[in-house]
1. Cβ contacts < 6 Å: first residue on the phi > 0 side of the Ramachandran plot, restricted to the stretch 1-17; second residue assigned to a loop (DSSP other than H, G, I, E, B), any location; separation 6+ or different chain. Result?
2. Could you say whether any residue in the stretch 180-189 is closer than 15 Å to Cys326 by Cα and in a strand (DSSP E or B)?
3. Only residues that are part of a helix (DSSP H, G or I), surrounded by fewer than 18 Cβ atoms within 10 Å (Cβ to Cβ) and among the small types (Gly, Ala, Ser): list them for the stretch 9-25, please.
4. Considering each of Ser15, Ser24, Ser100, Ser64 in turn, give the residue that is of a type in the set (S, T, N, Q) and in contact with a His (Cβ under 9 Å, 6 or more places away or on another chain).
5. Working only within the stretch 26-52, note down all residues that are in contact (Cβ under 8 Å) with a residue 40 or more places away in the chain and crowded, with 18+ Cβ neighbours inside 10 Å.
6. Look at Gly143 and say whether it is surrounded by 21 or more Cβ atoms within 10 Å (Cβ to Cβ) and in contact (Cβ under 8 Å) with a residue 12 or more places away in the chain.
7. Residues that are assigned to a helix (DSSP H, G or I), among the aromatic types (Phe, Trp, Tyr) and either modelled with pLDDT of 95 or more or assigned by TED's automatic domain parsing to the domain that holds Ser195 (or both): does the stretch 304-322 have at least one?
8. Residues in the stretch 81-117 that are assigned to a loop (DSSP other than H, G, I, E, B), out of contact with any Ser or Thr (no Cβ under 9 Å at 6 or more places or on another chain) and not β-branched (Val, Ile, Thr): how many?
Amino acid sequence: MSKFKVGLVGCGAISPMHLDALKSLDMVELAAVCDIREERAKAAAQQYNCRYYTDFNEMLEDASLDAVHICTPHYLHPVMAVQAAERKVNVLTEKPMSVSLEQADEMIKACKDNNVTLGVIFQNRYNAGSALIKKTLDSGELGRILSGRLNVYWNRSDEYYSSSDWKGTWDKEGGGVLINQAIHTMDLLRWFVDSPIEYVDANISNRAHPNIEVEDCAEGVIRYKNGVTTIFHALNYYTYDAPIEIEIHCEKGLVRLVSDKAVIRFCDGRELTVDRDPADQANTVGKDYWGISHRRQIEDYYKSLMNGEKPFIDGEEARKTQAMICAVYQSGKERRKVYLYNDIK
């Protein structure tokens, strides 16, 4: 079997999640890494036994890649995705797709026009708890969803922002707690409800980080076209990274996801539960709440390439979450309901 020749750009904190996964896959050859900081690129290349570059375009021109993983600051995701697509290189990018819906659409168009595959990382959909919830909801056993809620209470210090030249900015990060920390949980609840969004009504504020431009608190409601209303509350000035919580109230039961553990209690007394495998816990790279499902999604992405199929989370699917996040920001800034597909900017 021929291998996909793969490169990665952005050798920061999230990159080991990708690099470890790539080195473990038989179908992949990790050919190159790239970072504008030579010391980081060189260190990653030595650790993972590949070439390194400090210029992304040079890597694209020189390394003859089949695919590239984008792990750079948010505002560079669409720029680099388009550059790769124009060179016929497949793209797997970290979340979020971009800092605007317009740029997300540019990414999708560039990949479609050049017949390459765009994938977007939302690895928590691959967690065992998430998969159980989705399967049970889709089976109809729980009946109709009545409502849902989510909480994300994490901590990001002043030093977290001051040590970066892009975090905490609207133009480079695209927002704060919502687009960076809470987006995975927001994506999960949207995926569980599985209906187009009618409108978003939200508030955003900065309550504890006076030295940044963006929000550190977001709350609101999301109304779906199937009649479900969900509520969300996210902040990053708690004293630690508390386990995320999702609750879904259904006609025939109650669904709870706390961190990776899913508990489904039916009205008839039955209960389903699943948590992260202890082996997964032992093999976790990086922050605990990143889990181990990067590997699962990355492997799935390359299987889809091999089979000529679209990946589970492609650009079009990830766009739905991007549109939701952008609508929350628009609603918070303009202090009004924002109706998706009508007036979202």
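1. Matching pairs, first to second residue: Gly10/Cys71; Gly10/Thr72.
2. Checked against the condition, which is being closer than 15 Å to Cys326 by Cα and in a strand (DSSP E or B), the stretch 180-189 yields no hits at all.
3. Ser24, the sole residue that qualifies.
4. Ser15
5. Within the stretch 26-52, just Val28 meets the criteria.
6. no
7. no
8. Total meeting the criteria: 6.
The values are calculated or read from the model by the stated rules, or taken from the named source; none is laboratory data. Since we're looking at a predicted model, the values are computed, not measured. Here Cβ is always computed from backbone atoms with ideal geometry, including for glycine, and neighbour counts include all displayed protein chains.
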